[in-house]
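In what follows, a structure is listed as structure tokens, so that the remarks can point back to it.
All of the numbers you see were taken from the coordinates with simple rules; none came from a lab. Keep in mind it's a predicted model, so treat the numbers as computed, not measured. Methodologically, a virtual Cβ is constructed for each residue, glycine included, from the backbone with ideal geometry; neighbour enumeration extends over all protein chains shown.
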Amino acid sequence: MSKTLGIIGGIAPESTIEYYRTIVALHRERTGGGYPSIIINSIDLPRLLQLVSEDRLSELTDYLAGEIERLAAAGAKVALLASNTPHIVFDVLQSRSSIPMISIVEATFRAAREAGARRVALFGTRFTMQSGFYRSYFEPRDIAVIAPNDEEQDFIHTKYMTELVHAQFLDRTKRDLLTIVERMHRGSHIDGVILGGTELPLLLRDSSWKGVRLFDTGRIHAAAAVERMLDHQPSSADAP
């Protein structure tokens with residue numbers, strides 16, 4: 001019997017739906033048709049973004065910690081944040097949580113290492129691209145993390161906040177994002193891209209582009225959750 005998973009969702013809703021579908025499908029695949037026990041706590045996206053944008057990280061941690069404890073009280077035995085941006089406070093949050101948490105950064109690192117990646121671009125919200133939480137985990141483990149240039153970061157963040165979180169997935173935005181991938185492949189010699197916003201894979205659905213791997217952090221995270229629910233996923237203490 002698998003553990004009950006608690007999801008902090010709604011950040012944003014479209015990716016939370018994708019998490020749910022993916023976890024159910026992967027769990028059924030792994031168990032021969034069994035459906036998982038999942039509790040979703042859908043929280044206030046504007047509140048979270050305001051706390052992050054104003055660098056009120058202590059308040060953000062308090063907010064998320066309280067919402068995780070609501071999941072624990074409802075019976076969740078393990079939890080995740082269905083978004084990259086709030087992982088800016090993941091380490092402190094994990095230390096305060098009464099139940100184990102699954103890191104999207106650790107799960108993505110394992111996927112990148114298994115794929116043989118050595119230099120990866122990081123796409124996401126401005127907070128994710130400019131924060132060091134991916135870089136500080138990847139680079140001591142010999143995978144370089146490279147942010148797009150300032151103009152490209154502005155473009156990605158703007159499209160993320162004005163289109164993707166509102167479930168608008170436009171072909172022209174996809175073309176422009178892939179142009180950035182191609183530019184970074186030529187100029188920075190990247191061999192992978194961390195789609196470090198869980199709405200990005202809803203637009204960039206291919207697993208690679210012109211030889212550059214596109215790492216779907218939402219799907220990777222969902223797969224790690226199923227492994228942990230079934231007691232096969234290494235804990236953070238086991239990470240290299």
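Counting only strands (runs of 3 or more DSSP E) that sit completely within the range 129-240, those holding 2 or more residues that are surrounded by fewer than 21 Cβ atoms within 10 Å (Cβ to Cβ) correspond to 144-146, 212-216. Tell me the residue from Ala112, Ala121, Ala117 that is touching a residue at least 12 places away in the same chain (Cβ under 8 Å), in contact with a Gly (Cβ under 7 Å, 6 or more places away or on another chain) and not in a helix (DSSP H, G or I), please. The conditions single out Ala117.
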